[in-house]
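These notes concern the structure reproduced below.
The values are calculated or read from the model by the stated rules, or taken from the named source; none is laboratory data. On a predicted model such as this, the values are computed, not experimentally measured, just so you know. Methodologically, a virtual Cβ is constructed for each residue, glycine included, from the backbone with ideal geometry; neighbour enumeration extends over all protein chains shown. What goes into the accessible areas is simple: the full protein's heavy atoms, side chains included, and nothing from ligands, DNA or RNA. Shrake-Rupley method; radii C 1.70, N 1.55, O 1.52, S 1.80 Å.
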Amino acid sequence: MADFDIKPASGTGNSLRLKNESGNIVLSSGNGTSSSSWGTVPPAGTIIQTVQEVLTSTVTKATSASYQDMGLSKSITLTSSTNKVLISVDLNVGGGNDTYVHFKIQRNGTDLTVGDARDSCTRCMFMVNVDNEHGENRTYSAGTTFLDTPGATSVEYKLWGHCVGDFYLNRCKTGSDSNRGASISMITLQEIVV
């Protein structure tokens, strides 16, 4: 169990230090003249870095029997291969009426978790169903959050998409008036201490 250790510090006032079970300082406040800072060992669950890639352009993909690279990826270099990565994907998706758009994420070229095989369903991490009536005039917010254990320090995450029919990122299929949006999509990676 962590404990507090209050000791005199240089200058005036006291310094408050939080130690872990091994006696290492994990959080140290200043003595009134400096700001708080982590010690050598941030506690488990601490987010120690965040990186993000934002896609502002539109992406158009034609129908395909296989997944296609969506042009949205981000790399991260972890401080430790034992740490985890929290992946957050936020998309604006368009497509033709009554189409189903499937997405998955790859880490260094290998698929992350997708749904179990079931009949002839497309295995994916998440998906969007475009409405049957007037759906092609709209964009749909879609996304997922996934906690990954990469087991390496240099990692790239890439988004892949699949649809029987044309589909889009950051735009709807039809219309270009002021009612339509020119939106963004993004992927955010956060390193979490284990």
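Assuming R0 = 25 Å, can you tell me the calculated FRET efficiency for the pair THR40 and THR110, based on Cβ-Cβ distance, to the nearest 0.05?
FRET efficiency, THR40 to THR110: 0.15.
How much space per residue, in cubic angstrom, does the convex hull of the C-alpha atoms of segment 142-194 take up? Don't jump to the answer; show the numbers that get you there.
Details: hull volume 6.5 nm³, N = 53.
For segment 142-194, the hull spanned by Cα atoms encloses 122 Å³ per residue.
Work from the charge dipole of segment 40-194 (Cβ charges, +1 for Lys and Arg, -1 for Asp and Glu, about the Cα centre) and give the residue of ALA152, GLY109, SER183 farthest towards its positive end.
Projecting each Cα onto the dipole axis, the largest value belongs to ALA152.
For VAL164 and THR77, what does the FRET efficiency come to when R0 = 45 Å and r is the distance between their Cβ atoms, rounded to the nearest 0.05? Intermediate results must be reported in sequence, preceding the final value.
On the way: r = 38 Å, r/R0 = 0.84.
For VAL164 and THR77, the calculated efficiency is 0.75.
For the full complex of protein chains and a 1.4 angstrom probe, list SER185, SER178, SER154 by accessible area with the highest value first.
Result of the area sort, largest leading: SER178, SER154, SER185.
How high is the FRET efficiency from ARG118 to ILE47, r the C-beta distance, R0 41 Å, rounded to 0.05?
0.70
Using θ = phi - 60° and the Karplus relation 6.51 cos²θ - 1.76 cosθ + 1.60, list the HN-Hα couplings for segment 164-179 in order, rounded to whole Hz, with x at every Gly or Pro.
8, x, 5, 8, 9, 10, 6, 6, 8, 6, 10, x, 9, 7, 5, 6
Report the dimensions of segment 81-194 along its three principal axes from the alpha-carbon atoms, largest first, rounded to Å.
48, 38, 18
How much of the accessible area of segment 49-115, probe 1.4 Å, is carbon plus sulfur, in whole percent?
Result for segment 49-115: 45 percent of the exposed heavy-atom area is carbon or sulfur.
Placing unit charges on C-beta atoms (Lys and Arg positive, Asp and Glu negative, everything else neutral), compute the dipole magnitude of segment 69-194 about its Cα centre in debye, rounded to 20.
280 debye
List, in order, the whole-Hz ³J(HN,Hα) value for each residue of segment 81-95 obtained from phi through the Karplus relation with A = 6.51, B = -1.76, C = 1.60 and θ = phi - 60°; use x for Gly and Pro.
3J(HN,Hα) across segment 81-95, in whole Hz: 6, 8, 6, 9, 10, 8, 9, 10, 10, 10, 10, 10, 10, x, x.
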